[in-house]
Amino acid sequence: MAGSRTGAAHRTWILTASGNDRPGMVAGVTEVLFRLGGNLEDSAMTRLAGEFTIMLALTAPAALSAVKLERAFAAVSRRFGLAVHLKAVTHRAAPSGPSHLISVYGADRPGIVYHVSHLLASHRVNIIDLSTHLAAPSKGRASRPPLYLLVLEVQLPSRLSVSRLEPRLRQLGKRLGVEIGCRAVDTAVL
Amino acid sequence: MAVLPVRVFPDPILKLSCQSVERVTPTVHRLIHDLTATMRHHPRCVGLAAPQVGVRWAVAVLETSRHPKGAPESGLMVLVNPQIVEADGAVLQREGCLSVPDLTGNVRRAARVRVQARDAEGRPWTAWFEGFEAIAVQHEVDHLQGKLFLDRVSNAKTDVFQRKTYWRADGTSGRPAQ
């Protein structure tokens, strides 16, 4: 199946990989892609718990099957001890409407992401981006609990207004003992 | 003048809106003095709002000349019941806060704001602010409405940072002991 936006000769894949971080991993993965005649469309790379993690949206010639692609990454995977996973993109998400930012912060405790995302899911709110930050208190302030910050970019279904969602988020915030706020993504028009 | 302890999140007072000040009484005067003393006690601190010292009144002080980015000629400014009545432009600036001591964050603010407020004698004034002063005044007005800079960051990973430098009272800086 050919990706509709990339022409008949190409196909879109999502590649995820993770392994013990060391220099050369990005070069190793992207070199394979380059030699295959593929193209990198989008990427997210970061370190999680000190582990190198990478997510790539890539296009590759349609002639390359999943097996062939996996084989192509086998050497780099062995060399860096990378766990590589490939998934074909079969359809593109429909273009979406304006988004909102939900910030959540408070003393760290288990279940913050779960409870917030569960509430959003029950209102058919789609999470399109999620980032978190756990602040370690400096020494001498060890009595303070670590501060957990979660920022979600979401899209609301057309029949749901922010004014209806906000009180529910606030209520949940009270229950969890965290601050929750929601605002429209304000894009600067320059 | 007294240096007061600074409230740190999750202290609930930081998330509450402040009451406006009807009259600048001697109590309000003392608060202004204490806010000023407390701000000046903390190196590089350019502004402090009443809820940060545990008082739910719409009072803040600002002294941007205490920071290298501030204009050296700008003196102490007292903001009683400040309101932003006009704003334009946008700038991104790394902000820190005494009440969120372990983090700093990239926050988008208006580049220019017109502020309406009263001074330490209760006289109304209005003025345009720009540059570093505009950012500082928006940060303080946020405090008086129960907002922290964390309410304004767009990405927890790319816009929020662990504070690396803590300024000591003697003006020197250093990393926290590991």
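The values are calculated or read from the model by the stated rules, or taken from the named source; none is laboratory data. The shown structure was predicted, so the numbers you read here are calculated from the model rather than taken from an experiment. Here Cβ is always computed from backbone atoms with ideal geometry, including for glycine, and neighbour counts include all displayed protein chains.
For the stretch B:95-139, what are the residues that are among the acidic types (Asp, Glu), out of contact with any His (no Cβ under 9 Å at 6 or more places or on another chain) and assigned to a strand (DSSP E or B)?
Within the stretch B:95-139, B:ASP102, B:GLU130 meet the criteria.
Out of the residues in the stretch B:110-127 that are of a type outside the set (S, T, N, Q) and touching a residue at least 40 places away in the same chain (Cβ under 8 Å), which is surrounded by the fewest Cβ atoms within 10 Å (Cβ to Cβ)? Write out each step before concluding.
Pass one, the stretch B:110-127, residues of a type outside the set (S, T, N, Q): B:110-115, B:117-125, B:127.
From the residues that got through so far, the ones that are touching a residue at least 40 places away in the same chain (Cβ under 8 Å) too are B:118-122.
Working: B:ARG118: 21, B:ASP119: 14, B:ALA120: 18, B:GLU121: 9, B:GLY122: 14.
Per the stated criteria, the residue is B:GLU121.
Does B:LEU92 satisfy the criteria of being assigned to a strand (DSSP E or B) and either of a type in the set (Asp, Glu) or in contact (Cβ under 8 Å) with a residue 60 or more places away in the chain (or both)? Can you show your working first?
Working: assigned to a strand (DSSP E or B): yes; either of a type in the set (Asp, Glu) or in contact (Cβ under 8 Å) with a residue 60 or more places away in the chain (or both): no.
So B:LEU92 fails the test.
Look through the stretch B:31-58, keep the residues that are charged (D, E, K, R) and in a helix (DSSP H, G or I), and return whichever of them is farthest from the chain's Cα centre (by Cα). Spell out how you get there, then give the answer.
Of the stretch B:31-58, the ones charged (D, E, K, R) are B:34, B:40, B:44, B:56.
Imposing the further condition that a residue be in a helix (DSSP H, G or I) reduces the set to B:34, B:40.
Details: B:ASP34: 14, B:ARG40: 12 Å.
Among those residues, the one meeting the criterion is B:ASP34.
For the stretch A:145-179, how many residues are touching a Pro at 6+ places or on another chain (Cβ under 9 Å), crowded, with 20+ Cβ neighbours inside 10 Å and farther than 14 Å from A:SER117 by Cβ?
The first filter runs over the stretch A:145-179 and keeps only residues touching a Pro at 6+ places or on another chain (Cβ under 9 Å), leaving A:145-147, A:155-156, A:177-179.
Restricting the remaining residues to those that are crowded, with 20+ Cβ neighbours inside 10 Å gives A:147, A:156, A:178-179.
Within this subset, residues satisfying the condition of being farther than 14 Å from A:SER117 by Cβ are A:147, A:156, A:179.
Residues flagged as touching a Pro at 6+ places or on another chain (Cβ under 9 Å), crowded, with 20+ Cβ neighbours inside 10 Å and farther than 14 Å from A:SER117 by Cβ within the stretch A:145-179 amount to 3.
Give the stretch A:39-80 a look and list any residue that's in a strand (DSSP E or B), free of Cβ contacts under 8 Å to residues at least 40 places away in the same chain and under 21 Å from A:ALA9 (Cα atoms), or say none. Talk me through it step by step, then tell me what you get.
Narrowing the stretch A:39-80 to residues in a strand (DSSP E or B): A:39-48, A:51-61.
Then keep just the ones that are free of Cβ contacts under 8 Å to residues at least 40 places away in the same chain; that gives A:39-48, A:51-54.
Scanning the stretch A:39-80 gives A:ASN39, A:LEU40, A:GLU41, A:ASP42.
Taking the options A:LEU15, A:LEU33, name whichever one is modelled with pLDDT under 95 and either of a type in the set (Asp, Glu) or surrounded by 15 or more Cβ atoms within 10 Å (Cβ to Cβ) (or both).
Details: A:LEU15 fails: modelled with pLDDT under 95.
Only one candidate passes the filter, namely A:LEU33.
What single numbered condition from (1) within 11 Å of chain A (Cβ to nearest Cβ); (2) assigned to a strand (DSSP E or B) fails to hold for B:ALA156?
Checking B:ALA156 against (1) within 11 Å of chain A (Cβ to nearest Cβ); (2) assigned to a strand (DSSP E or B), the one that fails is (2).
What's the number of the only condition in (1) more than 30 Å from B:VAL6 (Cβ to Cβ); (2) outside any loop (DSSP other than H, G, I, E, B); (3) basic (Lys, Arg); (4) modelled with pLDDT under 95 that A:ARG159 fails to meet?
(2)
Suppose we filter B:PRO10, B:PRO5 for residues that are surrounded by fewer than 15 Cβ atoms within 10 Å (Cβ to Cβ), within 14 Å of chain A (Cβ to nearest Cβ) and assigned to a loop (DSSP other than H, G, I, E, B); which single one remains?
Working: B:PRO10 fails: surrounded by fewer than 15 Cβ atoms within 10 Å (Cβ to Cβ).
None of the other options fit; the residue is B:PRO5.
Quick one: count up the residues across the stretch A:82-119 that are away from chain B (no Cβ under 14 Å) and outside any loop (DSSP other than H, G, I, E, B). First the steps, then the outcome.
Step one: filter the stretch A:82-119 for residues away from chain B (no Cβ under 14 Å), giving A:82-98, A:110-111, A:114-115, A:117-119.
Cutting the leftovers down to outside any loop (DSSP other than H, G, I, E, B) gives us A:83-88, A:114-115, A:117-119.
Result for the stretch A:82-119: 11.
Give me a count of the residues in the stretch A:29-44 that are within 23 Å of A:ILE128 (Cα to Cα) and touching a Phe, Trp or Tyr at 6+ places or on another chain (Cβ under 7 Å).
0
Say whether the condition of being among the small types (Gly, Ala, Ser), loosely packed, with under 12 Cβ neighbours inside 10 Å and assigned to a helix (DSSP H, G or I) is met by at least one residue in the stretch A:120-129.
Within the stretch A:120-129 (the criterion being among the small types (Gly, Ala, Ser), loosely packed, with under 12 Cβ neighbours inside 10 Å and assigned to a helix (DSSP H, G or I)), the answer is yes, since at least one residue qualifies.
Over 14 Å from the mean Cα position of the chain (by Cα), outside any helix (DSSP H, G or I), surrounded by 14 or more Cβ atoms within 10 Å (Cβ to Cβ) and not acidic (Asp, Glu): which single residue out of B:VAL24, B:VAL61, B:VAL28 fits that description? Before the answer, list the steps.
On the way: B:VAL61 fails: over 14 Å from the mean Cα position of the chain (by Cα); B:VAL28 fails: outside any helix (DSSP H, G or I).
Going through B:VAL24, B:VAL61, B:VAL28 in turn, just one is over 14 Å from the mean Cα position of the chain (by Cα), outside any helix (DSSP H, G or I), surrounded by 14 or more Cβ atoms within 10 Å (Cβ to Cβ) and not acidic (Asp, Glu): B:VAL24.
With (1) surrounded by fewer than 18 Cβ atoms within 10 Å (Cβ to Cβ); (2) within 13 Å of A:ALA17 (Cβ to Cβ) as the list, and A:LEU58 as the residue in question, which single condition is left unmet?
Of (1) surrounded by fewer than 18 Cβ atoms within 10 Å (Cβ to Cβ); (2) within 13 Å of A:ALA17 (Cβ to Cβ), only one is false for A:LEU58: (1).
If I filter the stretch B:90-109 down to residues being among the aliphatic types (A, V, I, L, M) and within 10 Å of B:LEU150 (Cα to Cα), which single residue comes out as surrounded by the most Cβ atoms within 10 Å (Cβ to Cβ)?
Step one: of the stretch B:90-109, the residues among the aliphatic types (A, V, I, L, M) are B:90-92, B:98, B:100, B:103, B:107.
Subset that is within 10 Å of B:LEU150 (Cα to Cα): B:100, B:103, B:107.
Working: B:VAL100: 22, B:LEU103: 24, B:VAL107: 22.
The residue in question is B:LEU103.
Matching residues to (1) within 21 Å of the chain's Cα centre (by Cα); (2) at positive phi; (3) without any contact (Cβ under 8 Å) to a residue 40 or more places away in the chain:
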{"position": "A:THR30", "(1), (2), (3)": "yes, no, yes"}
{"position": "A:GLY37", "(1), (2), (3)": "no, yes, yes"}
{"position": "A:ARG92", "(1), (2), (3)": "yes, no, no"}
{"position": "A:PRO98", "(1), (2), (3)": "yes, no, no"}
{"position": "A:ALA107", "(1), (2), (3)": "no, no, no"}
{"position": "A:PRO110", "(1), (2), (3)": "yes, no, yes"}
{"position": "A:HIS115", "(1), (2), (3)": "yes, no, no"}
{"position": "A:LEU119", "(1), (2), (3)": "yes, no, no"}
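In the stretch B:66-89, which residues are among the polar types (S, T, N, Q) and either assigned to a loop (DSSP other than H, G, I, E, B) or surrounded by fewer than 18 Cβ atoms within 10 Å (Cβ to Cβ) (or both)? I'd like the intermediate steps shown before the answer.
We begin by selecting, within the stretch B:66-89, every residue among the polar types (S, T, N, Q); these are B:74, B:81, B:83.
Listed by number, the residues that qualify are B:SER74, B:GLN83.
Can you name the number of the only condition in (1) over 15 Å from the mean Cα position of the chain (by Cα); (2) modelled with pLDDT of 95 or more; (3) within 12 Å of another protein chain (Cβ to nearest Cβ) that A:LEU134 fails?
(2)
Tally the residues that are aliphatic (A, V, I, L, M) and within 14 Å of another protein chain (Cβ to nearest Cβ), restricting the search to the stretch B:13-43. Steps first, answer last, please.
Narrowing the stretch B:13-43 to residues aliphatic (A, V, I, L, M): B:13-14, B:16, B:21, B:24, B:28, B:31-32, B:35, B:37, B:39.
Next cut, within 14 Å of another protein chain (Cβ to nearest Cβ) only: B:13-14, B:16.
Within the stretch B:13-43, residues that are aliphatic (A, V, I, L, M) and within 14 Å of another protein chain (Cβ to nearest Cβ) number 3.
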